[in-house]
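Notes follow the structure.
Nothing in this text is a laboratory measurement; each read-out follows from the coordinates by a stated rule. No experiment lies behind these values; they were computed from the predicted model shown.
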Amino acid sequence: MAHNRRLGVACISDKVREGRLRWFGHVRRRDGFAPVRSVENLSVDGRRSRGRPRLTWDEQIRQDLLALHLSEDMISDRISWRRRIKLCLLIVWYSLLCVVTALG
């Protein structure tokens, strides 16, 4: 991770988060009858495996939105949404870079 920061390359988790939020915006901008939207409220029969429940798509998106101080109201304008995601991730990346640099 420190190597990525030194080289000025975004870490994989940030790129995954960016892709996840871009897809979320794409899905939310579709009308309610689109096949991609019908999966949102789908319930699957069966049991989950033992142990701690895995994070659902909805919960992961909520965490991403909170971490980057974004809201669903911002999704309607696609270009603005993409810029906001990139800007927020850049701010997070830069703040971590400053911390790593300060620690030596």
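If each residue of separation counts as 0.36 nm, what is the full-extension length gain between SER13 and SER49 once their alpha-carbon separation is subtracted?
Between SER13 and SER49, full extension yields 10.4 nm more.
Is any helix in the chain, taking whole DSSP H runs, at least 30 angstrom long along its axis by alpha carbon and on average at least 0.0 on the Kyte-Doolittle scale, and which ones?
Passing helices, by number: 78-103.
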